[in-house]
Amino acid sequence: MSETTEKLNMVGVDVAKAKLDIVFENQKVMTIENNEVAFKNLLKTLPKNHQFCFVMEATGGYEKAFTSFLLTHQINVAVVNAKRVRDFANAMGEYAKNDSIDAQMIRQYAESAHQRNRLQLREPRSVVEERLNALLKRRQQVVGQRAVEKQHLESAGNKDAVRSIKRIIKLLDAEVDKIEALIQQDIDNDEGLKKKMARLTAVKGIGDVAGFALISQLPELGKVSNKEIAALAGLAPYSKDSGKKSGQRVIFGGRSLVRSVLYMGALRAVRFNKPIKAFYERLIANGKCKKVALTACMRKLLVVLNSISKKEADWSPDFVNVA
């Protein structure tokens with residue numbers, strides 16, 4: 001996890017499709033267009049003797065061009081959860097909302113998170129990694145469309161409608177296959193990614209799709225601690241205790257696609273992965289409900305993947321280091 005405690009000048013950025021509202025430490029708001037020409041002009045105005053960190057919310061893709069530009073020029077970037085910024089603003093009593101206020105709140109949130117060493121900085125990605133990320137996202141979209149068509153098929157009564165739906169499903173099946181072939185081709189052409197993919201998919205429960213998702217969506221795998229990797233995937237249990245009351249631990253947040261493939265992986269692992277299966281059966285025997293036990297297995301499986309990635313070791317069916 002890319003965290004730092006060195007002195008950084010936080011810059012809040014509110015991102016829209018056409019423009020960016022930018023707030024520096026002096027609280028003055030600068031508005032620029034959301035395009036590369038404006039980015040280059042902004043870069044010329046930055047003092048050379050300062051370390052900046054541009055912080056923005058995830059906006060469904062409108063932030064990607066600016067993020068990529070900054071990383072290319074070795075400038076720190078953090079993309080934060082919009083809900084956390086909004087919660088921070090509410091806690092500060094700032095209920096008003098516009099682009100300028102949002103940029104200021106993002107900067108203040110970043111200052112607070114940085115002081116507590118909780119601001120995660122983006123790491124530069126290679127062209128191949130960016131392409132894999134885009135392809136995997138597209139695969140997810142096509143799979144979603146296919147699922148909708150399959151739902152339509154269940155309720156379609158007319159023969160012509162059924163034929164139409166089946167044609168679309170066939171086309172979507174072919175498109176998924178094409179995307180997966182492109183992803184596999186990129187991995188095969190990169191020796192490092194090829195070895196990583198082989199290492200991950202050797203673990204019982206992790207198939208090709210899960211391997212694609214872990215490589216693309218969880219680049220921190222093998223680089224951070226087990227607690228940190230669990231938090232990134234949204235599998236770290238959080239306590240809800242108050243006084244003498246000990247509340248049930250819950251998980252939330254994290255990267256949804258990673259958590260989704262780990263869920264499917266855990267379903268297979270509790271059947272075919274010897275240490276995970278033994279762990280699951282022990283939890284059930286101790287009175288844990290199946291959902292809780294399966295969630296624990298998801299985290300255990302992720303910890304195993306993190307450990308073998310960190311050590312660059314091959315998985316063994318007798319691998320027991322699942323702390």
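The values are calculated or read from the model by the stated rules, or taken from the named source; none is laboratory data. Remember, it's a predicted structure, so these values are computed and weren't measured experimentally. For neighbour counting, all protein chains shown are included, and Cβ atoms are generated from backbone atoms with ideal geometry for every residue, glycine included.
For VAL85, state whether it is in contact with a Phe, Trp or Tyr (Cβ under 9 Å, 6 or more places away or on another chain) and either in the same structural domain as ARG255 (by TED's automatic domain parsing) or not in a helix (DSSP H, G or I) (or both).
no
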(request) Scan the stretch 75-115 for residues that are under 28 Å from SER216 (Cα atoms) and loosely packed, with under 12 Cβ neighbours inside 10 Å and jot them down. (result) LYS83
(request) Return yes when LEU257 is modelled with pLDDT of 90 or more, under 30 Å from ALA58 (Cα atoms), out of contact with any Pro (no Cβ under 9 Å at 6 or more places or on another chain) and among the aliphatic types (A, V, I, L, M) and no when it is not. (result) no
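Yes/no per residue for (1) of a type in the set (Asp, Glu); (2) touching a Leu at 6+ places or on another chain (Cβ under 9 Å):
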{"site": "GLU25", "(1), (2)": "yes, no"}
{"site": "VAL29", "(1), (2)": "no, no"}
{"site": "PHE39", "(1), (2)": "no, yes"}
{"site": "ALA58", "(1), (2)": "no, no"}
{"site": "THR67", "(1), (2)": "no, no"}
{"site": "LEU70", "(1), (2)": "no, yes"}
(request) Could you please find all residues in the stretch 94-128 being at pLDDT 85 or above, more than 13 Å from GLU57 (Cβ to Cβ) and hydroxyl-bearing (Ser, Thr, Tyr)? (result) SER100, SER112
(request) Can you tell me which residue among SER164, SER155 is hydroxyl-bearing (Ser, Thr, Tyr) and either within 30 Å of ASP314 (Cβ to Cβ) or surrounded by 13 or more Cβ atoms within 10 Å (Cβ to Cβ) (or both)? (result) SER164
(request) All but one of (1) in contact with a Cys (Cβ under 8 Å, 6 or more places away or on another chain); (2) on the phi > 0 side of the Ramachandran plot hold for ASN117, so report the exception by its number. (result) (1)
(message) Which residue is modelled with the lowest pLDDT, if the candidates are limited to the stretch 227-246 and must be surrounded by fewer than 18 Cβ atoms within 10 Å (Cβ to Cβ) and not small (Gly, Ala, Ser)?
(response) ASP241
